[in-house]
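Working notes for the structure below.
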Amino acid sequence: MAKKSLIQREKKRKKLEQKYHLIRRSLKKEISKVPSLSDKWEIHGKLQSLPRNSAPTRLHRRCFSTGRPRANFRDFGLSGHILREMVQACLLPGATRSSW
């Protein structure tokens, strides 16, 4: 189980990203439309003045049940070992263990 503080930090980042998503997107569109370099620098300064944790690249996927940050499967939102345990217990419909 991941530390509670790390999970809360990720939730805070997700909330900030959703809050500033429209502002960030509009500034990026504005940069691509403006022809002069000095105006682009001004808009870039506005973009940099947004909170650092509001950038979508700072988000990290975590396991839904344990909060583990590594080896996550996007389709299920679970880490590898939890996914394996759930498949063995037949808790995921349609998922089967590989055998050859």
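The values are calculated or read from the model by the stated rules, or taken from the named source; none is laboratory data. Fair warning: this is a prediction, and the values are worked out from it, not measured in the lab. Counting neighbours? That spans all protein chains shown, and the Cβs are built from the backbone with ideal geometry, glycine included. The area values use the complete protein model at the heavy-atom level, side chains included, leaving out ligands, DNA and RNA. Shrake-Rupley method; radii C 1.70, N 1.55, O 1.52, S 1.80 Å.
Annotations for the structure displayed:
- Applying the condition of being in a helix (DSSP H, G or I) and of a type in the set (D, E, K, R) to the stretch 55-100 and asking which residue is nearest to Gln18 (Cα to Cα) yields Arg58.
- Answer from Leu59, Leu50 - the residue that is within 30 Å of Ala95 (Cα to Cα) and out of contact with any strand residue (DSSP E or B) (no Cβ under 8 Å at 6 or more places or on another chain): Leu59
- Annotation: of all residues in the stretch 43-79 being without any contact (Cβ under 8 Å) to a residue 40 or more places away in the chain and at positive phi, the one that is most open to solvent (accessible area, probe 1.4 Å) is Ala71.
- Count of the stretch 6-42 residues, restricted to those that are aliphatic (A, V, I, L, M), touching a residue at least 40 places away in the same chain (Cβ under 8 Å) and open to solvent by less than 40 Å² (accessible area, probe 1.4 Å), is 1.
- Of the residues examined, Met1 is one that is aliphatic (A, V, I, L, M), open to solvent by 40 Å² or more (accessible area, probe 1.4 Å) and not in a helix (DSSP H, G or I).
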